[in-house]
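The structure appears right after this line, and notes come after that.
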Amino acid sequence: MTQPVRTAPTLAEVAAAAGVSRSTASRALNDSPRISEETKKRVRAAAKEVNFVPNARGRALAVGRTEIIAVLVTEPLSELFSDPTYSEFLSGITEELSESSYLPVILQASSTHERNRAREHFERRSFDAVIDVSPYKGSELLEVLCELGVPTVLCGQLEGHPYRDVFSTVYSDDEEGGRFAALAIKDRGRKDIVAVLGPQDNPAVADRLRGYRAVLGEDLPDANVIYTGWNSGDGYQAMHQILAREIAFDGVLCGSDRIAAGVITALNEAGLSVPADVSVVGFDDHEIAARCVPALTTVRQPLREEGHMAANIALDMIKGAEPTTSVMHMQLIQRDSL
C-alpha cells in the first residue's frame, strides 16, 4: 500500500500550536518589535515542536531582507582560487557570518558580461550588503552601488576614495608594511636594493613602494623597481631580467611571498646564496613563506582578521550604522632569508 506523502509543516500549524493567528505567528518568527517577547517565545517553541522551517523567500518578503551578503570579486576567477590573499579574506568573512543568519555569496565581476549581471543583481536588491575584495578594478559597479544606496564595504584603499562618505573601508596599512620591510633589510646592512613588485596599477603596490622609499630614499631608484604579476613564476622571470641587466644588488624587497619564492629560486640557479649573498624580504606571510628554503622573512598582513572586520561592518551597516574606516596594522615576521 502506498504511504501518504508527508507535507512540510505550515505556518498555520505553528499558529494553531501557539494559539495565535497566522499573521501574529509570521511577525513573531520575523522578530517584529510589535510582538511581545512572551509571544515570540511561544511561537518559536511551537515552530520547533512541529519542525517548521521558514521559507527563505517568504521571510525575505516579510522582513525586506535576503539575508545574503555578496562578496564582489573583480579579479579573474583563476586569480581568486590561486591567490591565497583571497582565500584568507573569504575565510574571515565566512567565519564571521557563520555567527549570524547571513550567507556570503561570491559574485564574480571580471568580464563585461559578469559586470552587467552584477549590476542587475544590485538593481533587483538580491543582496542586503556587498563586500568588495578588489575595489580598485570595479569603479563602474561602485557607482551603481553608491546610487542605489547598498551597504558596501571596500577591502582596500582607493586613491582619492570618492565614496568615503558612502562606503565603509577596511584595509591593511601597506605603506607601514613597506617601511617595516625596508627597515629590516637596511638594518641588515644591505645597501644596494632592488624591488620586485606586483602590477603597477594596484594601489597596494604604490603604497608599499612609498613605504620602501620613506626608509631608503634615493637608494631605491626607479631603475631598481620591477613591476610584474603576483606569482612565483613572475618573481622568477623578474629576477632573471635583473640578473641579465647586471644591476649590482645585495637585497631584494618583494611585493608578495609568491614573488619572493620565485626570486629565491632564480638566485639559487645563478649561484647566489640567500641570505649569505642576498637578503630577501617578502610580503603577506602566506603559508609558502614558512616553506621557502630558507624560510622567508616577510611582512604579515592580517587578511583573515580583515575579512572578519569587513563582515562585521557589513552587518552593522545593514542595521543602519554609518560608514566607517578601519585600518589593520602590519607585522614583520623574522625568519632566515634576511
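The values are calculated or read from the model by the stated rules, or taken from the named source; none is laboratory data. Note that the coordinates shown come from a computational prediction; the quantities given were computed from them, not determined experimentally. Using ideal geometry, Cβ is built from the backbone for each residue, glycine included, and neighbour counts are taken over all protein chains shown.
Please verify whether ASP285 is touching a residue at least 60 places away in the same chain (Cβ under 8 Å) and acidic (Asp, Glu), treating the condition exactly as stated. So ASP285 does not fit the description; no. Between GLU176, GLU140, the distinction of being acidic (Asp, Glu), more than 19 Å from the chain's Cα centre (by Cα) and part of a helix (DSSP H, G or I) belongs to GLU140 only. The residues on offer are ALA321, ALA295, ALA290, ALA266, and the sole one that is more than 19 Å from the chain's Cα centre (by Cα), part of a helix (DSSP H, G or I) and surrounded by fewer than 17 Cβ atoms within 10 Å (Cβ to Cβ) is ALA290.
When the range 118-139 is filtered for residues that are of a type outside the set (A, V, I, L, M) and surrounded by 14 or more Cβ atoms within 10 Å (Cβ to Cβ), the ones remaining, listed by number, are ARG119, HIS121, PHE122, SER126, PHE127, ASP128, ASP132, SER134, PRO135, TYR136, LYS137, GLY138.
Mind listing whichever residues of the range 245-275 are touching a residue at least 12 places away in the same chain (Cβ under 8 Å) and among the basic types (Lys, Arg)? Result: ARG258, single match. Screening GLY189, GLY251, GLY262, GLY198 for residues that are within 23 Å of SER134 (Cα to Cα) and at pLDDT 95 or above leaves exactly one candidate, GLY198.
A Cβ distance below 8 Å, combined with a sequence gap of six or more or placement on separate chains, defines the contacts here; from the range 16-38, residues that are in a loop (DSSP other than H, G, I, E, B) reach residues that are modelled with pLDDT of 90 or more and polar (S, T, N, Q) in the pairs VAL20/THR39. The set of residues from the range 289-325 being of a type in the set (Gly, Ala, Ser) and under 21 Å from ASP207 (Cα atoms) comprises GLY307, ALA310. Of the set (1) closer than 27 Å to SER273 by Cα; (2) surrounded by 16 or more Cβ atoms within 10 Å (Cβ to Cβ); (3) out of contact with any strand residue (DSSP E or B) (no Cβ under 8 Å at 6 or more places or on another chain), all apply to ASN312 but (1). The combined condition, being closer than 24 Å to GLY156 by Cα, part of a helix (DSSP H, G or I), modelled with pLDDT under 90 and out of contact with any Gly (no Cβ under 7 Å at 6 or more places or on another chain), is fulfilled by SER78.
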